[in-house]
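Before any comments, here is the structure.
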Amino acid sequence: MNQSSALSAAQREFIEVKIRQANSQLPESIVPTVHGAGYNSGVVTCSNGKVLKSYTVWKSMLERCYSVKSLERHPTYLNKTVCPQWFDYAAFKSWYGNLAGKLASTDYPIESLAIDSDLILFVNGDDDYDRYQHDYSPHTVLMLPKGINSQLATVNGYSNRPNPDLLTGISRNGKGYRFKTYNSDGKQVLSLTYATQEGAHEALCKQKAQRIEDALKPFYIAVGDIQPHLKYVFSYFTKWKNIRNANYVHRMLVTL
């Protein structure tokens, strides 16, 4: 659970600089009205008295990146930015509506999906970020089922409290090691006990990869042609060694 924390003076100054940079990329004479960076060049935001889903997603995206209150709750978004094209709700709405039309013939209406800004950049690395420079852009986001998005977001171990003596997700059991897993009914249970934590961690990563494949494959088959970058995510996260390596990197960073 993310808890609210006071931002340092340096962090607040960083946010101010980030907003000024965003403002410098706006068309001349445009004054941002949404979280210091967004504006609407003239398209409707409501239909039949209800706020459009595209507007809700767009506003939330800007809030996560540029709102001081939001960044106090979720400081992991401090470095995240939105591409200048999407500062204009009209541009985001056009992209969102185009994708919604393509998804309409599938079992995954866009209203049921969450926007993700991490996975493509995580899988493709610095090359994509150097090319596009922003976390939220038409080239760097995916729309994913919320359950799958949550599952993939924690695969590198970010949700685990770091322990310098144990690998991610592993706990001691007497002289052996085990981990939390799920039975056929979806209930969380404890695994078998392994002689080494490396053996337990390998088994954990293999189970994670299989669960991801089982959850993601139907979505990938249905919308892989609509969201071409999804193939890289599917290929990466269904290989247990990639999950293990991501865990190793995260553990190294948080225990330095």
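Condition first: farther than 21 Å from Y248 by Cβ and modelled with pLDDT under 90. Now tell me which residues in segment 161-186 satisfy that.
Y182, N183, S184, D185, G186 - these are the residues of segment 161-186 that are farther than 21 Å from Y248 by Cβ and modelled with pLDDT under 90.
Within the group V68, V57, V43, which residue is surrounded by fewer than 18 Cβ atoms within 10 Å (Cβ to Cβ), farther than 22 Å from Q11 by Cα and not acidic (D, E)?
V43
Looking only at segment 1-44, filter to residues that are β-branched (V, I, T) and within 25 Å of the chain's Cα centre (by Cα); which one of those is nearest to Y77 (Cα to Cα)?
The qualifying residue nearest to Y77 (Cα to Cα) is I15.
When the residues of segment 182-219 are narrowed to those that are in contact (Cβ under 8 Å) with a residue 40 or more places away in the chain and among the charged types (D, E, K, R), which ends up surrounded by the most Cβ atoms within 10 Å (Cβ to Cβ)?
In this case the residue turns out to be K208.
I'd like the full set of residues that are charged (D, E, K, R) and in a helix (DSSP H, G or I), limited to segment 194-230.
Those that are charged (D, E, K, R) and in a helix (DSSP H, G or I): E198, E202, K206, K208, R211, E213, D214, K217.
Assuming K80 fulfils every condition listed in (1) surrounded by 17 or more Cβ atoms within 10 Å (Cβ to Cβ); (2) assigned by TED's automatic domain parsing to the domain that holds V17; (3) in contact (Cβ under 8 Å) with a residue 60 or more places away in the chain; (4) closer than 28 Å to E13 by Cα apart from one, which condition is it?
Here K80 meets the rest and fails (3).
What pairs come up if the first residue lies in segment 220-233 and is free of Cβ contacts under 8 Å to residues at least 40 places away in the same chain, the second is surrounded by 14 or more Cβ atoms within 10 Å (Cβ to Cβ) and not basic (K, R), and their beta carbons are under 7 Å apart, counting only those six or more places apart or on different chains?
From segment 220-233, the pairs are Y220/L230; Y220/F234; G224/L230; K231/G224.
Can Y89 be described as in contact with a helix residue (DSSP H, G or I) (Cβ under 8 Å, 6 or more places away or on another chain) and either under 26 Å from A215 (Cβ atoms) or β-branched (V, I, T) (or both)?
no
Among (1) within 24 Å of D225 (Cα to Cα); (2) of a type outside the set (A, V, I, L, M, F, W, C); (3) over 19 Å from the mean Cα position of the chain (by Cα), where does G49 come up short?
Unmet condition: (1).
Looking for whichever is more than 25 Å from M143 (Cα to Cα) and outside any helix (DSSP H, G or I) here; the options are V43, V31, V17. Which one fits?
Checking each option against the conditions leaves just V31.
The values are calculated or read from the model by the stated rules, or taken from the named source; none is laboratory data. Computed from a predicted structure; not experimentally measured. In this analysis, Cβ positions are derived from the backbone assuming ideal geometry, glycine residues included, and neighbour counts consider all displayed protein chains.
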